[in-house]
1. Enumerate the calculated ³J(HN,Hα) couplings along region 202-208 in order (Karplus 6.51 cos²θ - 1.76 cosθ + 1.60, θ = phi - 60°), each rounded to whole Hz, writing x wherever the residue is Gly or Pro.
2. In debye to the nearest 20, how big a dipole does region 43-158 give about its Cα centre with +1 on each Lys and Arg Cβ and -1 on each Asp and Glu Cβ?
3. Which of PHE38, PHE27, PHE180 ends up with the largest GNM mean-square fluctuation for the chain, with Cα atoms connected below 10 Å?
4. Relative contact order, percent, of the chain when contacts are C-alpha pairs under 8 Å separated by at least 6 residues?
5. When the Kirkwood hydrodynamic radius is evaluated over all pairs of different C-alpha atoms of the chain, what value in angstrom, to one decimal, is obtained?
6. With only Lys, Arg, Asp and Glu charged, each at its Cβ (+1 for the first two, -1 for the last two), find how big the charge dipole of region 183-309 is about the Cα centre; round to the nearest 20 debye.
7. I want to check the label-to-label distance for LEU187 and VAL157. Put each point 7 Å from Cα in the C-beta direction and report it in nm to one decimal.
8. Just to be sure I understand: with springs between alpha-carbon atoms less than 10 Å apart, which residue in THR39, THR243, THR144 has the highest mean-square fluctuation in the Gaussian network model of the chain?
Amino acid sequence: MQTLIDVILPVFLVIGFGYVSVWRGLFPVDGIDGVMRFTQSFAIPCLLFQAIANIDIGASFSPLLLISFYTGAATCFALGMVGARVFFKRDWEDCVAIGFCCLFSNSVLLGLPISERAFGADALSGNYAIIAFHAPFCYGLGITVMEVVRNKGQSFVHLVRAVGRAMFRNALVLAILAGFAVNLSGLSLPVAVNDALSLMVRAALPAALFALGGVLFQYRPEGDMKAIAMVCVIGLLIHPALTWSMGSMVALDNDLFRSAVLTSAMAPGVNAYIFANMYGRARRVAASAVLIATASSILTIWFWLGVLG
């Protein structure tokens, strides 16, 4: 119970504050859209850039960590697609969008603050290693499969262009690449620039959590409850269970193991809805799954924190 109170509830109270503020008309919806744009396009990219620029790549970017997390993520993508096709008879484009909901854990807005509160700021190197590949891997996989499904017979060059356009218009991906460039080059940022980044970083997670609450208010659950339940079970239970199994099998370092399992236990992120909306497919399932899984994850994260000790 103490873990629930000390680690999980503060994060979800900030989300709840954003939700209630929009619900009661204390904060405008277009204001929430502006805050979310600020965090997604500016503050969080600054956070990721600074973290990747300063991280010890040799110690943090363990192939075993990435294999453990992303094997589970890819498996859940496949399970979501097949489940949507077999059990709910959705067409393949809907199936890809639903699979993406099962694939894309909320590694930044939920994973970082909860991991930091649970294990401390010094234990986040594994989280940043996962996040560095998260958007590229998930969007790369999701867009590739969707483009294959939608454009049967199209050339390989067309497919590569479609994936590249989506990837290199993403501020998070660009920030991560810039962070790697600074890290690997050995450059040191000027003190004034680093201090400015630190100011942006301090605003990133609190503002993002508040905005997430406001965004979730707009995702009214309606219909497709069985498909939504499937997404919640795969994302909140099966993905962390698979990551746990893989991490145990390869004897992953304890700190990296906790980062991998806890990140995989996060609810689908807002990017799940963004992906569905980008293609106009399974939007109701994606929107409702983000809301319901985020609320449900209060209990499932508590469970996984208890298991991790």
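Nothing in this text is a laboratory measurement; each read-out follows from the coordinates by a stated rule. Here the structure is a predicted model, which is why all the values come from computation and not from measurement. Using ideal geometry, Cβ is built from the backbone for each residue, glycine included, and neighbour counts are taken over all protein chains shown.
1. Residue by residue, region 202-208 yields 4, 7, 4, 6, x, 5, 5 Hz.
2. The dipole of region 43-158 has a size of about 380 debye.
3. Answer for the Gaussian network model of the chain: PHE27.
4. 34
5. Values: mean 1/r = 0.0511 Å⁻¹.
Mean inverse Cα-Cα distance, inverted, gives 19.6 Å.
6. 400
7. The modelled label-to-label distance comes out at 3.3 nm.
8. Maximum among the listed residues: THR144.
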